[in-house]
Amino acid sequence: MITIYHNPRCSKSREGLQFLELEGKPFTTVKYLNEPLTKEELTTLIKKLGIAPIELVRTKEKIWISDYKGEELTDSEVIEAMLQHPNLIERPIVVNGDKAVVARPAEKIKDIL
């Protein structure tokens, strides 16, 4: 099953959702700002993406700049920051089985279909 972690306010996230709709494959939408991820879910996503936690952070967000920029954070601390402030999580994330991509641009979704 394909899942998109989506923020309706984000244009890139809406593009990813539209891409999936046009593909015509069934998928589930998780509005992760309304349905916060657990630590286990976020850690699993990061593993599927094959990236370091810091690579999933939106480092231009005000909360990152004010509270975390310039800090030497462990992977666990970065994950905790994303759990505390879900708007720090890059979007959209699309998962298909054991594969995942940050769909920026939306065409990256093709890589996991």
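No lab work stands behind these numbers, since they all come straight from the coordinates. Keep in mind the model is a prediction, meaning the values are calculated, not measured. Every residue, glycine as well, gets a Cβ built from its backbone with ideal geometry; the counts of neighbours run over all protein chains shown.
Listing for the model above:
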item	result
Simple label model, 7 Å out from Cα along Cβ direction - GLN18 to THR38, nm	3.5
Inter-site label distance for GLU80 and LYS25 at 7 Å from Cα along Cβ, in nm	3.7
DSSP-defined beta bridges in region 2-112 - what % are antiparallel, rounded to 5	70
In nm, spacing of pseudo-spin labels at ASN87 and GLU72 (7 Å Cα→C-beta vector)	3.0
Computed over the chain: relative contact order in percent, which uses C-alpha pairs under 8 Å that are six or more apart	36
Among 84-97, 15-28, the order from most to least packed when residues are scored by Cβ within 10 Å on average	84-97, 15-28
Residue-by-residue Karplus 3J(HN,Hα) for region 5-18, coefficients 6.51, -1.76, 1.60, Hz, glycine and proline x	8, 10, 10, x, 7, 9, 5, 5, 5, 5, 4, x, 4, 5
Interchain or long-range residues, amide H under 5 Å from VAL30's placed H	ILE4, TYR5, HIS6
Karplus (6.51, -1.76, 1.60) ³J(HN,Hα), θ = phi - 60°, over region 33-50, in Hz, Gly and Pro reported as x	6, 8, 10, x, 6, 7, 4, 5, 5, 5, 4, 5, 4, 4, 5, 5, 6, x
As computed over region 2-112, the Cα convex hull volume per residue (Å³)	95
FRET efficiency estimate (nearest 0.05) - Cβ-Cβ, LYS108 to GLU61, R0 25 angstrom	0.70
Net dipole in debye of the chain [+1 Lys, Arg Cβ; -1 Asp, Glu Cβ; about Cα centre; nearest 20]	460
Phi to ³J(HN,Hα) by Karplus 6.51 cos²θ - 1.76 cosθ + 1.60 over region 103-113, Hz, x for Gly, Pro	7, 10, x, 4, 4, 4, 4, 4, 4, 10, 7
